[in-house]
1. Can you go through Gly72, Gly61, Gly89 and tell me which one is within 10 Å of ligand 1 (Cβ to nearest atom), over 23 Å from the mean Cα position of the chain (by Cα), of a type outside the set (A, V, I, L, M) and open to solvent by less than 50 Å² (accessible area, probe 1.4 Å)?
2. Here are the criteria: (1) in contact with a strand residue (DSSP E or B) (Cβ under 6 Å, 6 or more places away or on another chain); (2) modelled with pLDDT under 95. Tell me which single one Gly94 does not satisfy.
3. Could you list, ordered by first residue, the pairs with Cβ atoms under 8 Å in which the first is in the stretch 149-162 and assigned to a strand (DSSP E or B) and the second is open to solvent by 10 Å² or more (accessible area, probe 1.4 Å) and away from ligand 2 (no atom under 16 Å from the Cβ), at least 6 apart or interchain?
4. In this structure, is Phe110 surrounded by 14 or more Cβ atoms within 10 Å (Cβ to Cβ) and either within 22 Å of Leu25 (Cα to Cα) or among the acidic types (Asp, Glu) (or both)?
5. If you scan the stretch 64-114, which residues turn out to be more than 24 Å from Gln192 (Cβ to Cβ), out of contact with any Pro (no Cβ under 8 Å at 6 or more places or on another chain) and in a helix (DSSP H, G or I)?
6. Pull out all pairs, ordered by first then second residue, where Cβ-Cβ is under 9 Å, the residues are six or more apart or on different chains, the first lies in the stretch 217-231 and is within 12 Å of Asp195 (Cα to Cα) and within 16 Å of ligand 1 (Cβ to nearest atom), and the second is part of a helix (DSSP H, G or I) and aliphatic (A, V, I, L, M).
7. Among the residues of the stretch 86-101, write down those that are among the hydroxyl-bearing types (Ser, Thr, Tyr) and within 14 Å of Leu21 (Cβ to Cβ).
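The values are calculated or read from the model by the stated rules, or taken from the named source; none is laboratory data. On a predicted model such as this, the values are computed, not experimentally measured, just so you know. All Cβ positions, glycine included, derive from the backbone under ideal geometry; neighbour counts span all protein chains shown. Please note that ligands, DNA and RNA were not included when accessible areas were found on the heavy atoms of the full protein model with its side chains. Shrake-Rupley method; radii C 1.70, N 1.55, O 1.52, S 1.80 Å.
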Amino acid sequence: MTRPIKRIAVTGGAGQIAYSLLFRLASGEVFGQEQPVALHILEVEAMIPSLQGVVMELEDGAFPLLKEIKTGHDPFTLFGDVDLAILVGATPRGPGMERSDLLKKNATIFVEQGRALSASASTHTQVLVVGNPCNTNCLIAMSHAPNLPRKNFHAMTRLDENRAKAQIAKKASQPVALVRRLAIWGNHSSTQVPDFVNARIGYRDVVEVISDRHWLEGEFVQLIQKRGAAIIAARGKSSAASAASAVIDTLRSLILPTAKDDWFSSAVCSDGNPYGLTEELIFSFPCRSKGNFEYEIVKNLSWDEFIKEKIRVTEQELIEERRDAFA
Ligand code: NAD
Ligand code: LMR
């Protein structure tokens, strides 16, 4: 029996991330090889001609699972009946900019898209915000979408987790697949906290395998916090293929049950969080999924003084971003 089509909205369809992401969604990497999909691709009006080129390429991919492509510039029309909305479209930062510089510039986009989701999507619609500053953009969208459960909103910190795992694996000369339980706490920004204290390589604590605490607290943390900026400095453009890859990883982690004794990072609504952190923020936590987007925040992890202080800083930054965004 053929399954009902999964409808996936992607915004920023003519941009760099979408140029990789759309093809991976069409090939069945997220929902699997039995699941037909439709793509609802949103762009600003001026970029629709360029988006038509991407649509031609999607057609030329002859993807058996891709049943329909809709394009447009009106989220109220395009978001109707979607199962998943991946909000990528926003102005990326250029060399020398902090993500917070984008706050005002991009906020209006997420007000409109939150309203459109609330008006036209159904309560099961899941939302993943990638466009920066993604935590606060997600908070803005969620706040303007009262008809959708708050639990359905995520901002992407999986790229940070992937970066952290890769650097730990490299330092320990171990395969990256062995690095697990490596959560990012807080904001997708230069205050984010890659939690090496609770992380493992195989069955050993990272801090046992890598005894150089000075490297972990210094070079490692800063490298992850500043990796986005380093890529912009090198490429003149922000990360794109690795970001698309992290979108796929985030969605797979939410759709499939999480392996025993592991977790993944996603920035979710902090209401009722088990760590007493400020409510009504989109804060990255270690999460586990039972499958089909049924996730919960991992409880009872302990923080040492170093991690605790860093989490306080990223929490404060998110409070300030919220204040500026809603001023
Ligand atoms: P890009 O400039 O190549 O593409 C963005 C596209 O979004 C453009 O084509 C633009 O026309 C479109 N757009 C702008 N406003 C829109 C709107 N209201 N509706 C629909 N489309 C709109 O940028 P990119 O490299 O694809 O990056 C997109 C965003 O993702 C940026 O904000 C970037 O900073 C962010 N990003 C986040 C992560 C993360 O880990 N969370 C990683 C990489 C990039
Ligand atoms: C990244 O982390 O690569 C993106 O968020 C882009 C940026 O502005 O750093």
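1. Numbers: Gly61 fails: within 10 Å of ligand 1 (Cβ to nearest atom); Gly89 fails: over 23 Å from the mean Cα position of the chain (by Cα).
Exactly one of Gly72, Gly61, Gly89 is within 10 Å of ligand 1 (Cβ to nearest atom), over 23 Å from the mean Cα position of the chain (by Cα), of a type outside the set (A, V, I, L, M) and open to solvent by less than 50 Å² (accessible area, probe 1.4 Å), namely Gly72.
2. All conditions pass for Gly94, except number (1).
3. The qualifying pairs are Phe153/Cys269; His154/Gln126.
4. Working: surrounded by 14 or more Cβ atoms within 10 Å (Cβ to Cβ): yes; either within 22 Å of Leu25 (Cα to Cα) or among the acidic types (Asp, Glu) (or both): no.
No.
5. Listed by number, the residues that qualify are Pro75, Phe76, Thr77, Leu78, Thr108, Val111.
6. Short answer, once both residue conditions are applied: Ile224/Ala164.
7. The initial filter retains those residues of the stretch 86-101 that are among the hydroxyl-bearing types (Ser, Thr, Tyr), namely 91, 100.
Within the stretch 86-101, none qualify.
This table checks each residue for (1) within 12 Å of ligand 2 (Cβ to nearest atom); (2) open to solvent by 10 Å² or more (accessible area, probe 1.4 Å).
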site: Phe153; (1), (2): no, no
site: Ala177; (1), (2): no, yes
site: Trp185; (1), (2): no, no
site: Gln192; (1), (2): yes, no
site: Gly202; (1), (2): no, yes
site: Val207; (1), (2): no, yes
site: His214; (1), (2): no, yes
site: Glu219; (1), (2): no, yes
